[in-house]
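Below is one structure; the comments refer to it alone.
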Amino acid sequence: MLFRKRLAVFPLILLCCSLLLIPPAPYLSADPEQSAPAAAPSAPPSSTPSFPDNEEARRLMQQTLSATEIQKEIERIAAEQHALEQKTAALSSQAARKKSDIAEKEKRAGAIVRAYYTGDRDPLLTAMLSAKTLSKWFILLDYYEMIMGHDREILAEYEKEYKDLRTTLAAAERSSQELAELRSALEEQKLRVEALHKDINGAIQSSGNPESMAALLEEFTAYWQNIGLHEVKTYFKALSAAMTHLPQFVESRDGVLTRRGMTYELNLKEADLNEFLHSENKLFDNFAFTFKSGSVIATGKSGDLSLRLQGHYTIQEEPMNGLMFHVDSIIFNGLELPDTTRKSLEEEFDLGFYPSKIVSFLRASEVDSKDGVLHVKLTLSF
């Protein structure tokens with residue numbers, strides 16, 4: 001997005017506050033043990049930008065946030081596409097070389113097969129069977145076995161290289177398909193971000209003070225990129241670290257894991273989960289986790305920062321049986337993060353739960369969450 005004029009941070013805050021009649025609030029880190037992000041930006045905002053009550057301004061902030069995150073996804077896909085293009089070209093070149101190298105072996109293998117099919121090898125067997133002396137029979141036998149052994153080596157070598165060629169061709173085909181999917185995804189995301197930019201620029205120009213609105217959105221973008229995203233990732237990182245210790249907590253907590261014949265039931269109350277998370281990290285002291293109608297919801301606030309995370313669990317079999325957490329929505333300071341950000345965070349941070357870490361022969365078969373309890377059915381797997 002192009003802005004016609006950048007304002008210094010402090011004058012900007014004053015101007016935005018006077019425009020929207022909202023006093024600025026000081027920045028408080030979401031993590032009590034961290035007062036600043038790990039990597040300081042070159043020109044970070046000195047405080048959390050005031051979130052205006054003006055519906056149009058908040059709508060533009062939401063769109064700006066989405067455009068910023070989708071642009072990052074475009075850059076990621078473009079880099080992945082470039083790498084995949086190189087991989088596809090290399091595989092195609094490798095397959096062409098293998099096909100050329102195997103051509104001569106294919107001719108030799110074909111000649112051998114034809115020889116057996118047309119009976120060209122029969123005279124050898126006939127000569128051996130008609131030998132007059134035992135010594136001559138052994139000589140012919142050695143000669144016959146040498147020819148047969150050589151034939152087998154040629155056929156085996158051809159079979160191995162043919163299988164190798166087919167594997168390379170299949171890999172090249174998969175790579176080409178992935179590349180086509182990436183190109184399609186890239187075009188889709190480009191159309192999304194172009195539409196957002198068009199809408200945002202139109203709304204800026206039609207606002208009462210385009211320069212102030214443009215500067216506010218630019219400041220908000222800088223805040224999100226330098227502080228907001230770092231804070232969101234701080235929570236996800238802490239959750240991922242805590243989940244690795246959840247199996248030990250479940251195992252030690254009376255009444256959470258019960259046995260019914262050949263099956264086990266895991267019933268984790270939200271109160272138990274909250275107690276566990278609070279013991280793992282002070283970051284969760286102001287957070288509450290609830291289980292409602294198939295969803296896991298986490299809400300919390302620290303200073304100027306608020307976060308609401310909603311998701312659900314599904315059963316995963318490969319590469320390891322477990323409960324995989326899928327992010328359905330993330331609302332940061334009242335603004336919903338786009339699907340690209342949810343997917344990126346879900347891939348970067350593992351919030352799954354693996355029953356085999358409680359007992360090696362347990363596997364999850366069913367999962368549901370309702371009325372404040374996460375219910376998991378576990379079966380034996382030997």
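A few comments on the model shown:
- Within-11-Å neighbourhood charge of ALA288 [Cβ basis; K, R +1; D, E -1]: 0
- Within-12-Å neighbourhood charge of ILE331 [Cβ basis; K, R +1; D, E -1]: +1
- With all protein chains modelled, accessible area of PHE291 [1.4 Å, Å²]: 0 Å²
- Note on LYS160 and THR314: their simple-model spin labels are 4.2 nm apart, each label 7 Å out from Cα toward Cβ.
- Two-site label geometry, HIS82 and ARG260: point separation in nm, points 7 Å out along Cα→Cβ: 5.5 nm
- Binned Cα-Cα distances of segment 276-382, short to long, each 10 Å bin given as a whole percent: 14, 38, 36, 10, 1, 0
The values are calculated or read from the model by the stated rules, or taken from the named source; none is laboratory data. Quick caveat: nothing in here was measured; it's all calculated off a predicted structure. Methodologically, a virtual Cβ is constructed for each residue, glycine included, from the backbone with ideal geometry; neighbour enumeration extends over all protein chains shown. Protein only, heavy atoms only, side chains kept; ligands, DNA and RNA dropped before computing areas. Shrake-Rupley method; radii C 1.70, N 1.55, O 1.52, S 1.80 Å.
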